[in-house]
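The values are calculated or read from the model by the stated rules, or taken from the named source; none is laboratory data. No experiment lies behind these values; they were computed from the predicted model shown. As a convention, Cβ positions derive from the backbone with ideal geometry for all residues, glycine included, and neighbour counts pool all protein chains shown. In case anyone asks, the SASA skips ligands and DNA or RNA and just uses the protein heavy atoms, side chains included. Shrake-Rupley method; radii C 1.70, N 1.55, O 1.52, S 1.80 Å.
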Amino acid sequence: MSDTQTAAPVLEITNLSVELPKGTDRRYAVDEVSITVAPHEIVCLVGESGSGKSVTAHSVMGLLPKGQLTPVAGTIRLHGEDLLTVSDDRLRELRGARMSMIFQEPMTALNPTMTCSDQIEEVLITHTDLGMTERRQRILDILELVHLPDPPRMAASYPHQLSGGQRKRIMIAMALVLEPSLLIADEPTTALDVTTQAQILKLIKEIQQTHDTGVLFITHDFGVVAEIADRVAVMQWGKIVEQGDAKTVLRNPQHAYTRMLIGAVPSFTPIDRPRDPKAAVVLKTLGLSKTYTGGTFLRRAAGVRAADDVNIEVRKGETLGIVGESGSGKSTVARCIARLIDPTSGAVLLDGDDIARAPSRQLRKLRRRVQIIFQDPYRSLNPRRPVGESIIEGPTNYGTSRADATERARQLMALVRLDPESLDRYPHQFSGGQRQRICIARALAMGPDLLIADEAVSALDVSVQAQVLDLLDDIRRRLDLAMLFITHDLRVAAQVCDTVAVMHRGKVVEYGPAHSVFADPQDDYTRSLFAAAPGRGFAFGAGALTASPDATA
Amino acid sequence: MFGFIVNRLIATIPVLGMVAIFVFLMLRLTPGDPAAVLAGDNGTPQQIAEIREALGLNEPIPVQLGIWFSNLLQGDFGQSYFFKKDVTELILLRVGPTVALATTTLIITIIVAIPLGIIAAYLHGTWIDRGVMAFSVAGFSIPVFVLGYILVYLFALEIKLFPVQGYKPLADGFWPFIHHLVLPSITLSVIYIALIARITRASVLEILNEDYIRTAYAKGLKPTKVLMKHALRNAAVPIVTVIGIGIALLIGGVVVTESVFNIPGLGRLTVDAVLGRDYPTIQAVIIVFSFVYVLINLLIDLSYSLLDPRIRY
């Protein structure tokens with residue numbers, strides 16, 4: 001649609017308050033929030049988890065869970081029409097046609113039992129009187145528009161047959177097929193790989209410009225903000241603490257919380273700390289490979305080489321980062337090193353002992369020397385046991401007395417900056433960041449030589465992420481640990497790693513000291529990975545706020 | 001897909017073989033002598049011995065098993081001791097009423113239980129939901145024969161709306177056929193309605209929390225459309241599984257219900273055969289039942305791939 005009065009906003013949220021159920025820590029999920037989105041404009045709503053940004057978006061769509069979250073004050077006007085007072089029927093007419101939404105999870109936001117074309121067609125059937133051939137044409141056109149290869153085949157596919165990025169494009173096609181004037185994107189790129197993320201951001205920007213769509217873009221990632229926002233609104237505890245032009249807010253944030261958020265985004269410039277070339281090699285892999293074979297016993301399918309001839313080493317007191325996108329094999333390598341899975345070939349030497357070939361009795365002894373911290377702190381602790389039990393279980397399995405293990409657990413809690421008295425509490429009584437600290441304490445309780453952090457900070461908010469990274473670094477230094485840090489996030493890798501191995505399709509394509517890999521990547525894939533990182537042109541990190549305004553990377 | 005079906009059908013052969021041997025041996029180990037039953041209360045020991053000889057029951061058990069098994073492989077279930085007929089013929093005669101009863105029960109169950117479960121899930125936490133759940137517990141707890149007699153008392157004796165018992169084949173006309181089946185079907189279906197309504201509610205409830213349900217609402221779909229088109233199909237796999245198990249369990253229910261309502265089906269045949277120690281008939285009926293059971297399981301597995309495109313064989 002082309003709006004002649006470009007000044008009239010598409011969306012106008014005025015003093016919106018949404019009440020939380022009684023008994024929660026605060027009264028309002030959203031507290032007197034006012035935001036406007038003009039046609040042709042991308043407004044980013046930024047905040048950490050629990051800030052109320054998603055609740056704001058869901059209020060606009062009328063998708064708040066009934067009885068749990070209720071808008072109690074304010075107005076939400078879409079082209080002047082107050083969405084909080086219209087009838088359910090009218091709201092349904094507007095949804096999908098005038099305003100639509102893209103959700104975060106590309107894996108779960110599409111119905112697995114319907115073809116993509118059926119799911120898009122449903123929007124057309126609900127909102128238009130188009131005939132079958134016209135609908136078919138519209139579907140193929142929109143799939144073309146979101147740059148999906150071979151639209152007829154995509155249309156006939158089920159979601160599980162597509163990649164994450166392709167599903168996201170289907171989501172976008174579904175949201176845009178009726179050319180809505182407002183598009184709400186709720187963390188649309190969070191679960192995607194960087195290169196896919198860059199493509200999707202480009203696509204949203206492109207379509208928004210050609211279709212005059214106003215976009216309300218919800219994200220926690222300031223890199224993404226720097227990449228696409230025209231204007232930014234920063235939310236904290238349900239309130240908007242700062243709002244303004246994107247460049248101004250990024251360069252010159254006024255509110256302390258905004259400054260903290262921007263400061264917490266890891267910088268792209270790697271740390272360059274002195275390394276001891278004589279430090280002992282703790283872990284060394286020689287030609288480590290893992291091939292997954294599929295098929296039945298009659299027809300042998302071609303194997304997937306998840307890890308292919310990986311040669312890496314980690315020295316005492318150093319951190320090696322394994323960086324790659326999903327499916328690159330980085331987690332496979334970590335699991336082989338911890339012998340959670342058996343490598344197909346190659347050796348994993350831990351101080352000279354080969355883990356890859358160790359028989360089970362010897363393996364038991366080796367196990368305590370390699371410990372892992374997993375990605376999801378919500379699921380890696382047993383919810384029905386006090387955290388203290390989780391921490392002392394490992395050492396007592398290896399013969400430490402309960403009293404000694406408990407004493408050690410108390411010391412470790414202090415080391416990870418948690419109250420030693422809280423050992424008898426349950427995981428749900430801790431926040432995500434605190435739980436990850438507990439997981440770190442649990443790993444350290446075994447007294448490992450090598451600590452593997454498998455995407456250990458990926459599920460955390462940036463401010464918490466910064467604290468946990470700081471803690472890990474502190475522990476590495478104090479205990480002189482060797483650390484293997486697996487991540488998809490280049491910024492994080494830049495901040496914690498001494499050496500970096502970039503993985504692509506099971507192979508290490510680039511391997512070297514962090515500062516030289518970041519400063520001068522040799523491999524094409526590494527370069528494309530760096531180029532795709534959002535907000536690359538903006539210097540984040542502690543230096544961001546004092547950096548000169550024309551800072552470029 | 002075709003290979004999968006063939007494999008599964010071949011896999012039924014050892015299963016049925018094991019069932020056959022097991023049933024044969026169990027029957028020989030249970031107390032009771034078919035010859036004594038046939039000779040009647042006034043039978044002399046000599047008559048009983050003659051009957052035993054005539055039936056071949058004096059042969060060693062492995063020999064008896066061998067003879068029965070080789071006949072079985074030729075498709076011959078043997079002669080009924082009690083009914084003095086070919087067992088195959090006997091079963092064919094009795095299978096109609098049972099299939100009729102099972103079918104009507106299944107239809108009633110599905111058209112009542114699934115909507116009930118969906119409504120309960122959609123109105124989760126309301127008094128309607130609680131009502132459905134309460135009915136479900138009650139329906140599950142009440143024994144089939146108790147419910148059968150209550151229904152007979154109310155609807156056949158007091159109101160005289162339906163016949164007390166008996167069966168009319170479809171050949172006698174559709175109305176008499178259905179008229180006689182209503183009470184037995186309702187009796188038998190209550191427990192399945194309870195079970196399937198519960199499963200439907202639980203699995204729809206789980207699906208309603210999925211992201212794609214929110215996507216469907218965001219598209220502007222009406223709640224009914226979201227429930228029927230998006231939620232139900234995705235919730236279908238566990239529901240169909242339980243319906244399948246229900247059909248298998250129906251076999252047990254049929255025995256009781258046919259006895260209460262005096263329907264001449266396989267259930268009644270089983271009861272009569274057991275009371276008469278009619279070994280060939282019991283063995284045959286159990287083999288038929290287990291074959292049906294295996295077949296239903298195969299059909300359930302095949303239905304998964306229709307319901308969920310992610311499942312392929």
- Query: Is segment B:72-82 home to any residue that is aromatic (Phe, Trp, Tyr) and touching an Asp or Glu at 6+ places or on another chain (Cβ under 7 Å)?
  - Reply: yes
- Item | Search result, residues across segment B:163-188 that are crowded, with 19+ Cβ neighbours inside 10 Å and within 18 Å of B:VAL112 (Cβ to Cβ) | B:LEU181, B:LEU183, B:PRO184, B:SER185, B:ILE186, B:THR187, B:LEU188
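Each row is one residue, and each column tells you yes or no for (1) closer than 30 Å to B:LEU299 by Cα; (2) of a type in the set (Phe, Trp, Tyr); (3) open to solvent by 50 Å² or more (accessible area, probe 1.4 Å).
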residue	(1), (2), (3)
B:ILE13	yes, no, yes
B:PHE24	yes, yes, no
B:PRO31	no, no, yes
B:PRO45	no, no, yes
B:LEU55	no, no, yes
B:PHE69	yes, yes, yes
B:LYS84	no, no, yes
- Note on the structure: Exactly one of B:THR224, B:THR257, B:THR241, B:THR215 is closer than 18 Å to B:VAL144 by Cβ and of a type in the set (S, T, N, Q), and that residue is B:THR257
- Task: Scan segment B:91-113 and give yes if some residue there is open to solvent by 50 Å² or more (accessible area, probe 1.4 Å) and more than 20 Å from the chain's Cα centre (by Cα), otherwise no.
- Result: no
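Residue check: is B:GLY166 touching an Asp or Glu at 6+ places or on another chain (Cβ under 7 Å) and either within 14 Å of chain A (Cβ to nearest Cβ) or touching a residue at least 40 places away in the same chain (Cβ under 8 Å) (or both)?
no
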- Item | Listing of helices (runs of 4 or more DSSP H) fully contained in segment A:241-347 that carry 2 or more residues being open to solvent by 70 Å² or more (accessible area, probe 1.4 Å) and more than 24 Å from A:ALA514 (Cα to Cα) | A:246-251, A:256-264
- Go through segment A:395-406 and give me each residue that's surrounded by 14 or more Cβ atoms within 10 Å (Cβ to Cβ) and at pLDDT 90 or above. A:PRO395, A:THR396, A:ALA405, A:THR406
- Looking at this structure, is B:ALA138 touching a residue at least 24 places away in the same chain (Cβ under 8 Å) and surrounded by fewer than 18 Cβ atoms within 10 Å (Cβ to Cβ)? yes
- Task: Quick one: B:VAL190 ticks every box in (1) within 14 Å of chain A (Cβ to nearest Cβ); (2) part of a helix (DSSP H, G or I) except a single one, so which number is it?
- Result: (1)
- Task: Would you please list the contacts, defined by Cβ atoms under 6 Å and residues six or more apart or on different chains, that run from a residue in segment A:208-222 that is farther than 17 Å from A:THR258 by Cβ to a residue that is of a type in the set (Gly, Ala, Ser) and open to solvent by less than 10 Å² (accessible area, probe 1.4 Å)?
- Result: none
- Item | Criterion violated by B:TYR313 - all others in (1) over 15 Å from the mean Cα position of the chain (by Cα); (2) in the same structural domain as B:THR109 (by TED's automatic domain parsing); (3) in contact (Cβ under 8 Å) with a residue 40 or more places away in the chain satisfied | (2)
- Mind checking which residues of segment B:239-248 are open to solvent by 10 Å² or more (accessible area, probe 1.4 Å), more than 14 Å from every other protein chain (Cβ to nearest Cβ) and in contact (Cβ under 8 Å) with a residue 24 or more places away in the chain? B:THR241, B:VAL242, B:ILE243, B:ILE247, B:ALA248
- Task: State whether one or more residues within segment B:276-295 are open to solvent by less than 20 Å² (accessible area, probe 1.4 Å), assigned by TED's automatic domain parsing to the domain that holds B:VAL152 and without any contact (Cβ under 8 Å) to a residue 60 or more places away in the chain.
- Result: no
- Would you mind listing the helices (runs of 4 or more DSSP H) fully within segment A:427-522 where at least 1 residues are under 24 Å from A:LEU192 (Cα atoms) and basic (Lys, Arg)? A:490-496
- Exception for A:THR126 within (1) facing chain B (nearest Cβ under 10 Å); (2) open to solvent by 50 Å² or more (accessible area, probe 1.4 Å); (3) hydroxyl-bearing (Ser, Thr, Tyr); (4) within 27 Å of A:SER326 (Cα to Cα) falls at (4)
- Task: Evaluate segment B:138-146: report whether one residue or more is over 19 Å from B:THR281 (Cβ atoms) and not assigned by TED's automatic domain parsing to the domain that holds B:VAL260.
- Result: no
- Sole exception among (1) touching a Lys or Arg at 6+ places or on another chain (Cβ under 9 Å); (2) over 20 Å from A:ASP454 (Cβ atoms); (3) in contact (Cβ under 8 Å) with a residue 12 or more places away in the chain for A:ALA405, by number: (1)
- Message: Given the options B:LEU195, B:LEU249, name the one that is under 29 Å from B:ARG8 (Cα atoms) and modelled with pLDDT under 90.
- Response: B:LEU249
- Query: Pick from segment A:129-163 the residues that are within 26 Å of the chain's Cα centre (by Cα) and within 14 Å of another protein chain (Cβ to nearest Cβ): which of them is surrounded by the fewest Cβ atoms within 10 Å (Cβ to Cβ)?
  - Reply: A:HIS160
- Within segment A:105-119, is even one residue open to solvent by 30 Å² or more (accessible area, probe 1.4 Å), part of a helix (DSSP H, G or I), within 14 Å of another protein chain (Cβ to nearest Cβ) and within 15 Å of A:ALA175 (Cα to Cα)? yes
- Query: Taking only pairs six or more apart or across chains, which ones have beta-carbon atoms under 9 Å, a first residue in segment B:214-238 that is at the interface with chain A (Cβ under 9 Å from one of its Cβ atoms) and more than 15 Å from A:GLU93 (Cβ to Cβ), and a second residue that is among the basic types (Lys, Arg) and open to solvent by 30 Å² or more (accessible area, probe 1.4 Å)?
  - Reply: B:ALA216/B:LYS225; B:ALA216/B:LYS229
- Task: Considering (1) in contact with a Gly (Cβ under 8 Å, 6 or more places away or on another chain); (2) within 14 Å of chain A (Cβ to nearest Cβ), say which one B:ILE199 fails and leave the rest.
- Result: (2)
